[in-house]
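Q: Below you'll find the structure I mean.
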Amino acid sequence: MDNVEPPSAPSNIPEFSVSELSFALKREIEGAFPRVRVRGEISQPSFPRSGHCYFRMKDENAVLDAVCWKGTIPRLGLKIEEGMEVIATGKLTTYAGSSRYQIIVDRLELAGEGALLKLLEDRRKKLAAEGLFDQDRKRELPFLPEVVGVVTSPSGAVIRDILHRLSDRFPRHVLVWPVAVQGEKAAGEVANAISGFNRLPEQGPLRRPDVLIVARGGGSLEDLWAFNEEIVVRAAAASTIPLISAVGHETDTTLIDFASDRRAPTPTAAAEMAVPVRAELVTEVLDYGKRAIACLNRHLREAATELTGLARGLGDPRQMIEERQQRLDTAAERLQLGPRRVIEVKQQLIAGEARALRAAGERYKSEVRQRIERAHERMEQFAERVRRCGRELLARGEERVDQLGKLLESYSFHSVLSRGFALVRDQDGHPVLAAASTAPGDTISIEFADGRIGAKVSDGVAGHPRPKPQPRKKGGGSDDQGSLL
């Protein structure tokens, strides 16, 4: 009994249930830290089907649970990623289900420029790996666009600079899609503007632009961050309209610069890239026109000079034809005189040899007889050759004369009448080819070379009865008209 401990004395410490203690701690913490800003590195982000985001913020010594509700995530302006160093703004609370305290985030911003640059570089590598920045994707800008689309703020100095520069260089029709260029809504509005311009019909009431300019003035890295968002970069890469990026100053670089077809250092430079200088084009066209006219005149002069030289070398065609005709006439005349001259020469030669033979015949009978025989043979040969040559020449002449006569005959029969012939026709106008074709009392007409007379047949041909008239062929022609020659 001595070893039994006495019961403990009653304590004045209040007693809580687990739920009461958890809610008491929750009220205490939320009352002490109604709104806080916490800096740390995002770790283990998760996105369940509910649409909320759960992650942990940590530094080198501690870890803090964090939650961002579904309706808050679109307003953050940042995509929650592993390893991002951020500053989270929200209220501190507890989660009784696991006895943990956590921060409910309603605002998130990158912690410092170094973190922004790291995020920018990681995003650039990711998009480059997808091929959005490849050079073969970039398109040539149109030389002279009809419509220029501008995506920028309608109230800033950027749009005024662009319009003024376009008006100075080459006035064009400009379509402005007003957007916010800074803030939470900027990235979505810029991406929608690029996609909206690409959806316009090419031949509609509001014509689709031929080139786009996405422009913004200079600013800090945070001010230009909307143009580093993936939605903007992907919209620029997917644009079928050539796009010029003119975000910030020359030293500012955003991811849209890599996805665009051309980067301009300033908005004014973008306007200069979009259109040429009209005055320079007019001067260049006039210069090309003068050069073309001068070149054409030079070619015409050279061609005229060359043609004149060739004409001098060819000579007068009419004179050349006349010379050839004269040579042909001379040759024809010589051809006609040649056979006669040959015959005369041969005849003289034969006569001389004959006289010589006769003079020497008595003294040298035997020798002369042989010589006469040889001479006779030679004369026969010569005579045969002369006769053959004469026949050939005469045959050619006769053939030529015959051809000319036939040609003359084909032209007219009056030449035959002029040689004393006459053409006798019956009363029907048909030629009378024989005396037997007439009968006493028939009326005939006789056509001479100088005219026609009428006559009547008085006597018939003795012993030749008048042939029975043959039926005429249709058309009044005769089967055998005969020939006047």
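Q: Just to be sure I understand the model, the point goes 7 Å from the Cα along the line to the Cβ. What's the resulting ARG49 to ARG278 distance in nm?
A: Distance between label points: 6.3 nm.
Q: Take ALA331 and PHE421, extend 7 Å from each Cα along the Cα→Cβ direction, and tell me the distance between the two endpoints in nm.
A: 3.5 nm
Q: Please turn the phi angles of the range 187-192 into ³J(HN,Hα) values with the Karplus equation 6.51 cos²θ - 1.76 cosθ + 1.60 (θ = phi - 60°), one per residue in order, whole Hz, x for glycine and proline.
A: Rounded to whole hertz, the list is 4, x, 5, 5, 5, 5.
Q: Name the long-range amide H neighbours of ASP442: under 5 Å, sequence gap of 5 or more, or other chain; modelled H, no Pro or chain starts.
A: Those qualifying (amide H under 5 Å, at least 5 residues apart or on another chain) are VAL457.
Q: Which order, highest average first, do 288-294, 427-433, 53-59, 127-133 follow once you tally other Cβ atoms within 10 Å for each residue and take the mean per peptide?
A: 53-59, 127-133, 427-433, 288-294
Q: Are there any GluC sites (Glu not before Pro) in the range 223-292 that are in a DSSP loop and have at most 13 other Cβ atoms within 10 Å? List them by number.
A: Answer by residue number: GLU250.
Q: If you line up the long axis of helix 113-129 against the longest principal axis of the chain, both from Cα atoms, how many degrees apart are they, to the nearest 10?
A: With both axes taken from Cα atoms, the answer is about 40 degrees.
Q: On a 0 to 90° scale, report how tilted helix 317-359 is relative to the longest principal axis of the chain, with both axes built from alpha carbons and the result rounded to the nearest 10.
A: Computed tilt is about 30 degrees.
Q: Taking the alpha-carbon distance from LYS70 and a cut-off under 19 Å, which aspartates and glutamates remain once sequence neighbours fewer than 8 residues away in the same chain are dropped?
A: Reachable aspartates and glutamates: GLU81, GLU82, ASP106, GLU109, GLU184.
Q: Could you pull out every residue, at least 5 positions away or on a different chain, whose amide H is within less than 5 Å of the one on VAL432? Hs are placed 1.01 Å off N in the peptide plane, and Pro or chain starts have none.
A: For VAL432, the qualifying residues are VAL424, ARG425, ASP426.
Q: Any idea what Rg and Dmax come out to for the range 218-293 if you just take the C-alpha atoms, in Å?
A: Every Cα atom of the range 218-293 included, Rg and Dmax give 17.4, 59 Å.
Q: Testing the spin-label approximation: label points 7 Å from Cα along Cα→Cβ at ASP65 and ARG207. State their distance in nm.
A: Simple spin-label model gives 6.2 nm for this pair.
Q: Same structure, new question: Report ³J(HN,Hα) in whole Hz for each residue of the range 286-299, in order, from the Karplus equation J = 6.51 cos²θ - 1.76 cosθ + 1.60 where θ = phi - 60°; Gly and Pro get x.
A: 4, 5, 4, x, 5, 5, 5, 5, 5, 5, 5, 4, 4, 5
Q: Quick one: Cα centre-to-centre distance for the range 32-48 and the range 96-161, in angstrom?
A: 24 Å
Q: Can you list the residues, at least 5 places off or on another chain, whose amide H is less than 5 Å from the amide H of LEU175, using H built in the peptide plane?
A: VAL148, GLY149, VAL150
Q: Here's a follow-up. Please enumerate, by chain and number, the aspartates and glutamates with C-alpha under 19 Å from the C-alpha of LYS456, excluding those fewer than 8 residues away in the same chain.
A: Of all the aspartates and glutamates, those that pass the test against LYS456 - Cα under 19 Å, at least 8 places apart if same chain - are ASP426, ASP428, ASP442, GLU447.
Q: For the range 172-177, take each phi angle, set θ = phi - 60°, evaluate the Karplus expression 6.51 cos²θ - 1.76 cosθ + 1.60, and give the result in whole Hz per residue in order, putting x for glycine and proline.
A: 9, 6, 10, 10, 10, 9
Q: Among the listed pairs LYS26/LYS58; LYS79/LYS126; LYS126/LYS185; LYS138/LYS185; LYS91/LYS118; LYS118/LYS185, which are separated by more than 26 Å between their Cα atoms?
A: In this structure, LYS138/LYS185; LYS91/LYS118 exceed 26 Å between Cα atoms.
Q: If you don't mind, another one. Express the C-alpha Rg of the range 170-260 as a ratio against the empirical globular expectation 2.2 N^0.38 Å, rounded to two decimals.
A: Here the Cα radius of gyration is 1.06 times the empirical estimate.
Q: Can I ask one more? Looking at the range 199-285, which trypsin sites (Lys or Arg not before Pro) are DSSP coil and have at most 16 other C-beta atoms within 10 Å of their C-beta?
A: Listed in order of number, the matching sites are ARG207.
Q: Which value, in Å to one decimal place, does the Kirkwood hydrodynamic radius take for the chain when every pair of different Cα atoms is included?
A: Over the chain, the inverse of the mean reciprocal pair distance is 37.6 Å.
Q: Another question, if that's okay. Got a sec? How would ASP136, ASP257, ASP316 order by Cβ neighbour count within 10 Å, fewest to most?
A: ASP136, ASP316, ASP257
Since every read-out is calculated from the coordinates, none of them should be taken as a lab result. Keep in mind it's a predicted model, so treat the numbers as computed, not measured. No Cβ is skipped: glycine too gets one built from the backbone with ideal geometry, and neighbour counts run over all protein chains shown.
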